[in-house]
1. Just to be sure I understand: if you take the accessible area of chain B alone plus chain A alone and subtract the pair, with a 1.4 Å probe, what total do you get in Å², rounded to 100?
2. Averaged per residue, what accessible surface does the range B:47-139 expose to a 1.4 Å probe, in Å²?
3. Where does the charge balance sit around A:A58 when Lys and Arg score +1, Asp and Glu -1, over other residues with C-beta under 15 Å from its C-beta?
4. Could you tell me which of B:L88, B:C22, B:A77 has its Cα farthest along the dipole of the range B:11-139 towards the positive end, charges placed at Cβ (Lys, Arg +1; Asp, Glu -1), taken about the Cα centre?
5. Among residues other than B:L88 whose Cβ falls under 10 Å from its Cβ, what is the net charge (Lys/Arg +1, Asp/Glu -1)?
6. Just how much of A:R61 is accessible, in Å², when a 1.4 Å probe is used and the result is rounded to the nearest 10?
7. If I take every Cα pair under 8 Å that is 6 or more residues apart in chain A, average their sequence separation and divide by the length, what percent do I get for the relative contact order?
8. With charges only on Cβ, +1 for K and R and -1 for D and E, what is the dipole size of chain A about its Cα centre, in debye, rounded to 20?
Protein chains: 2
Amino acid sequence: MQADPSAFVLDSRLEADTTPVCDLALCRLLLMRDARWPWLILVPRRAGLVELFDLEDADRRQLLDEANAVARALDTATRPEKINIGALGNVVRQFHLHVVARSSGDPNWPKPVWGFESALPYGSGADEALIRSVQEGLR
Amino acid sequence: MQADPSAFVLDSRLEADTTPVCDLALCRLLLMRDARWPWLILVPRRAGLVELFDLEDADRRQLLDEANAVARALDTATRPEKINIGALGNVVRQFHLHVVARSSGDPNWPKPVWGFESALPYGSGADEALIRSVQEGLR
């Protein structure tokens, strides 16, 4: 039996660079393995999406509601100076939306996180604590 | 008589760096004066917004609908490789959403446009032609 070609499969680079947080109604929520900044990624569990306008209307609204809840939960969990939200996809084409907590003095403030030097691994348990805190904020 | 303190005023830096395209139902649409990449900015005409979750629910959905229409119009007008969408606000805190057309070989591909070197002025009439083309796509 062949796999359903329309089924969602997480991009291999996103999978390699992140830790799963939870599945929301539409999106898989991921934490980037990069301790330089609290960095979450939402990926709608739909196959073949590249641009925002590829989503069906109801999915796009659901994505917005989930992004809004995630931004608020990350803000509460980390109390940053500013939340940065972005859908770029110049390297990984599968549609994904970044939600990143930024503060003065972080490694590339006030410039963007994307494409800046190399990820720094989390120390023992810090990523798990952040994940629990975000999950709590989403409840 | 004093000005209404709750009234929307466009941030002075956004005003200095852009050319107005049109007013949509919620947002003022602006073109960055930077010929390196077709770069539009939506600014909800509401005072005091900083984060996505500062918008009221109906406004946030309207912003999404307008951003989606603008992304599609810019895609049609410029046929880029990828549309980049982002709300950063690390420098200008007034909430604003970037919609940028990107292609392989542009000055910072595949890295982001924000904070990268200096704007390049448009040649004669190229910005006006792009504005007309985007306005056409929004009709």
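The values are calculated or read from the model by the stated rules, or taken from the named source; none is laboratory data. Please read these numbers as outputs of a predicted model, since none were measured by experiment. Ideal geometry is used to build each Cβ from the backbone, glycine not excepted, and the neighbour counts take in all protein chains shown. Areas reflect the complete protein model, heavy atoms only, side chains present, ligands, DNA and RNA absent. Shrake-Rupley method; radii C 1.70, N 1.55, O 1.52, S 1.80 Å.
1. Chain pair B/A: roughly 3200 Å² of buried accessible area.
2. 46 Å²
3. That works out to -2.
4. Ranked along the dipole, the leading option is B:A77.
5. In short, +3.
6. For A:R61, solvent-accessible area is about 100 Å².
7. 27 percent
8. 300 debye
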